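Enquirer: Okay, here's the structure, questions in a sec.
The values are calculated or read from the model by the stated rules, or taken from the named source; none is laboratory data. Because the structure is a prediction, the values reported are computed rather than measured. With ideal geometry, Cβ positions are generated from the backbone for all residues, glycine too; neighbour counts draw on all protein chains shown.
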Amino acid sequence: MSTVVELRDGVVAYGDRPVLRGVDLTVHAGEVVAILGANGSGKSTLIRAILGLVPLVSGTLSLFGVSRRGRELRGQWRRIGYVPQRLGAGSGVPATVAEVVSTGRLARRGMLRPAGAADRAAIASALAAVGLADRATAPVGTLSGGQQQRTLIARALAAEPELLVLDEPTAGVDARSQSAFADALRAFVAGGSTVLLVAHELGPLQPLVTRAVVLHDGAIAHDGPVPVPAGHHADPHHDHVHPHAPHDPPGIWTGP
Amino acid sequence: MSLFAYDFMQRALLGVLITGLAAPALGIYLVQRRMALIGDGIGHVALTGVGLGLLTSRSPVITAVVVSALGAVAVELIRERGKASGDIALALLFYGGISGGVFLVALAAGKTNANLMAYLFGSPLTTSRDDLVVMAVLGGVVLAVTLLLRPWLFAICQDEEYARVAGLPVRALNLLLAVTTAVTVTVAMRAVGLLLVSAMMVVPVAAAQLVTRGFRATMHLAMVLGVAAAAVGIWIAAEYDTAPGATIVLVAIAAFAVLAAGAAVWRTARRRAGAAGGDGEAEPPEVVLQA
């Protein structure tokens with residue numbers, strides 16, 4: 001089984017505040033790994049480090065078996081589809097769903113090369129996979145939160161990635177979008193691809209997840225099967241309120 | 001219309017048409033980034049370039065391109081760091097630029113205040129053949145960059161972090177956009193003046209997006225509106241002897257007002273016609289209330 005992500009002793013700090021304290025994470029091809037943890041436990045920082053959006057203070061990262069630091073990894077990032085938590089803030093001008101999704105294709109398209117038939121086909125099938133084919137010409141600003149989230153997933157799928165990295169894909173998403181999203185992910189995994197996702201709760205994704213990594217205060221507390229909810233967490237009607245992680249210093253002024 | 005039989009009027013018309021086409025094509029990226037007023041700041045910086053050119057008896061257009069490009073790159077580096085103190089840094093740069101320009105122009109012997117006004121508020125009627133050639137070449141560069149690189153520039157302005165993860169050369173594209181902004185400022189300087197440059201970058205885009213749904217459509221409509229405002233504005237200026245730069249900008253703002261009113265009327269009419277059967281997939285209800 002080939003290794004897709006390999007992080008060894010990864011340390012990340014915002015200013016003087018350590019956020020990840022020596023994390024080891026290995027993801028093999030075909031796995032669906034969920035990173036779980038309370039707010040402030042470092043789970044988003046972990047995937048941002050893997051994506052190269054925040055620098056490692058120390059430790060080594062290799063993607064698809066390429067273990068060099070910095071610029072050389074860029075070629076490997078092209079093989080990753082990234083789904084951020086929400087649509088970027090920079091959208092002062094209207095843009096259609098198809099326009100946003102087609103930016104996902106640019107990673108595969110050479111600079112200044114016009115879009116070809118393969119590009120158009122990939123965009124159409126990505127839109128179909130998330131159930132937004134009939135909304136291609138709608139402005140993204142008019143969509144619901146769940147539909148915007150599906151637009152971002154389609155954008156990642158359009159790149160035909162080998163690894164999909166998702167940051168809280170089901171947070172604040174309506175039930176219909178959640179199941180459309182689970183279907184898209186199931187089809188993606190069936191093709192032998194790898195998924196790494198950060199989640200607060202798994203919801204309809206639970207059956208897909210093959211392994212869970214629980215972060216606590218910047219370190220890995222559990223790496224193995226999905227933990228079974230215990231106590232009041234097992235109650236399907238439990239009110240989902242989490243306190244912030246302990247040792248969460250008032251770092252608002254030194255944050256990213 | 002007979003006025004347009006004169007050479008100087010034809011040059012003025014061509015000059016403002018180039019500006020009307022190129023400025024919104026670049027401006028849309030600034031609006032998308034919510035940095036609509038950056039063009040204004042770069043215009044301030046360009047005045048120092050004009051002053052340098054007049055003082056050293058070089059072409060003010062060339063020195064303005066160079067100085068405003070340096071200014072635009074500085075702005076981009078400040079933006080990239082995203083520091084809270086960026087605001088103050090920009091203020092220092094912009095006001096340093098405009099006072100440096102006024103200072104240098106005043107130093108340039110034999111150059112009167114009227115000359116300074118021409119750069120601040122535009123003077124299309126004095127466009128020379130050489131000016132026009134420079135404007136056409138620079139305008140062509142702006143159009144080539146903004147139209148040919150649209151998918152890539154759209155990607156970095158729409159979601160810069162995603163573009164970085166996707167492996168696009170984000171930094172190079174940002175710097176290219178900054179330098180192209182500076183070139184656009186210099187193109188528009190002759191037509192509407194450095195203080196109104198930003199208006200031609202922003203107002204046609206703001207007007208177009210009132211009635212469009214997508215980015216490409218907004219870009220094309222904004223270019224059409226920019227050209228139309230330039231043509232109507234220079235005609236009014238010639239017929240009624242008004243200030244050309246200001247007239248062009250006022251025509252563009254009038255277009256914005258007309259489209260805003262039209263869009264409001266259209267939306268109201270559509271709502272009256274019944275919201276039912278409208279928008280396809282709606283948010284499913286979370287609860288059903290029983291009466």
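Enquirer: Quick check on this structure: which one of B:ALA217, B:ALA222 is free of Cβ contacts under 8 Å to residues at least 60 places away in the same chain and either under 19 Å from the mean Cα position of the chain (by Cα) or closer than 20 Å to B:ALA36 by Cα (or both)? Break it down stepwise before answering.
Expert: Details: B:ALA222 fails: free of Cβ contacts under 8 Å to residues at least 60 places away in the same chain.
Being free of Cβ contacts under 8 Å to residues at least 60 places away in the same chain and either under 19 Å from the mean Cα position of the chain (by Cα) or closer than 20 Å to B:ALA36 by Cα (or both) holds for just one of B:ALA217, B:ALA222, which is B:ALA217.
Enquirer: Oh, and also: Under 8 Å between Cβ atoms, at least 6 apart or on separate chains: pull out the pairs that start in region A:106-124 with a residue that is at the interface with chain B (Cβ under 9 Å from one of its Cβ atoms) and end on any residue that is aromatic (Phe, Trp, Tyr).
Expert: Close Cβ pairs (under 8 Å, with a partner that is aromatic (Phe, Trp, Tyr)) amount to A:LEU106/B:TRP152; A:MET111/B:TRP152.
Enquirer: Here's a follow-up. Criterion first (away from chain A (no Cβ under 14 Å) and surrounded by fewer than 18 Cβ atoms within 10 Å (Cβ to Cβ)) does B:SER57 satisfy it? I'd like the intermediate steps shown before the answer.
Expert: Values: away from chain A (no Cβ under 14 Å): yes; surrounded by fewer than 18 Cβ atoms within 10 Å (Cβ to Cβ): yes.
Taking the combined requirement at face value, the residue satisfies it.
Enquirer: Residues that are touching a strand residue (DSSP E or B) at 6+ places or on another chain (Cβ under 6 Å), modelled with pLDDT under 85, crowded, with 21+ Cβ neighbours inside 10 Å and at negative phi: does region A:202-213 have at least one?
Expert: Among the residues of region A:202-213, not one is touching a strand residue (DSSP E or B) at 6+ places or on another chain (Cβ under 6 Å), modelled with pLDDT under 85, crowded, with 21+ Cβ neighbours inside 10 Å and at negative phi, which makes the answer no.
Enquirer: A further question follows. All but one of (1) in contact with a Gly (Cβ under 9 Å, 6 or more places away or on another chain); (2) away from chain B (no Cβ under 14 Å) hold for A:LEU208, so report the exception by its number.
Expert: Failing condition for A:LEU208: (1).
Enquirer: Out of all the residues in region B:18-67, which are more than 16 Å from the chain's Cα centre (by Cα) and among the basic types (Lys, Arg)?
Expert: The answer is B:ARG58, and nothing else.
Enquirer: Are any residues in region B:135-144 closer than 10 Å to B:GLY15 by Cα and of a type in the set (A, V, I, L, M), and if so, which ones?
Expert: Of region B:135-144, the ones closer than 10 Å to B:GLY15 by Cα are B:135-136, B:139.
Of everything in region B:135-144, those that are closer than 10 Å to B:GLY15 by Cα and of a type in the set (A, V, I, L, M) turn out to be B:MET135, B:ALA136.
Enquirer: OK, next. Starting from region A:148-162, take each residue that is without any contact (Cβ under 8 Å) to a residue 40 or more places away in the chain and more than 10 Å from chain B (Cβ to nearest Cβ) and list its partners that are buried (at least 24 other Cβ atoms within 10 Å of the Cβ) and among the basic types (Lys, Arg), counting only C-beta distances under 8 angstrom and pairs at least six apart or across chains.
Expert: Listed by first residue and then by second, the contacts come to nothing, as the list is empty.
Enquirer: Please go through region B:168-214 and give me each residue that is under 20 Å from A:THR103 (Cα atoms), of a type in the set (S, T, N, Q) and more than 10 Å from every other protein chain (Cβ to nearest Cβ), ordered by number.
Expert: Within region B:168-214, B:ASN174 is the sole residue that qualifies.
Enquirer: When you check A:ARG176 against the structure, is it surrounded by fewer than 24 Cβ atoms within 10 Å (Cβ to Cβ) and among the basic types (Lys, Arg), yes or no?
Expert: Numbers: surrounded by fewer than 24 Cβ atoms within 10 Å (Cβ to Cβ): yes; among the basic types (Lys, Arg): yes.
In short, yes.
Enquirer: Follow-up. Which ones in region A:190-212 are more than 21 Å from A:LEU46 (Cβ to Cβ) and in contact (Cβ under 8 Å) with a residue 12 or more places away in the chain?
Expert: Going residue by residue through region A:190-212, those that are more than 21 Å from A:LEU46 (Cβ to Cβ) are A:190-192, A:204, A:207.
Within region A:190-212, A:GLY192, A:PRO204 qualify.
Enquirer: If we scan region B:3-21, do we find a residue that is among the hydroxyl-bearing types (Ser, Thr, Tyr), over 27 Å from B:TRP152 (Cα atoms) and outside any helix (DSSP H, G or I)?
Expert: At the first step, the residues of region B:3-21 found to be among the hydroxyl-bearing types (Ser, Thr, Tyr) are B:6, B:19.
Filter once more, keeping what is over 27 Å from B:TRP152 (Cα atoms): B:6.
Keeping just the survivors that are outside any helix (DSSP H, G or I) gives B:6.
Looking through region B:3-21, at least one residue is among the hydroxyl-bearing types (Ser, Thr, Tyr), over 27 Å from B:TRP152 (Cα atoms) and outside any helix (DSSP H, G or I).
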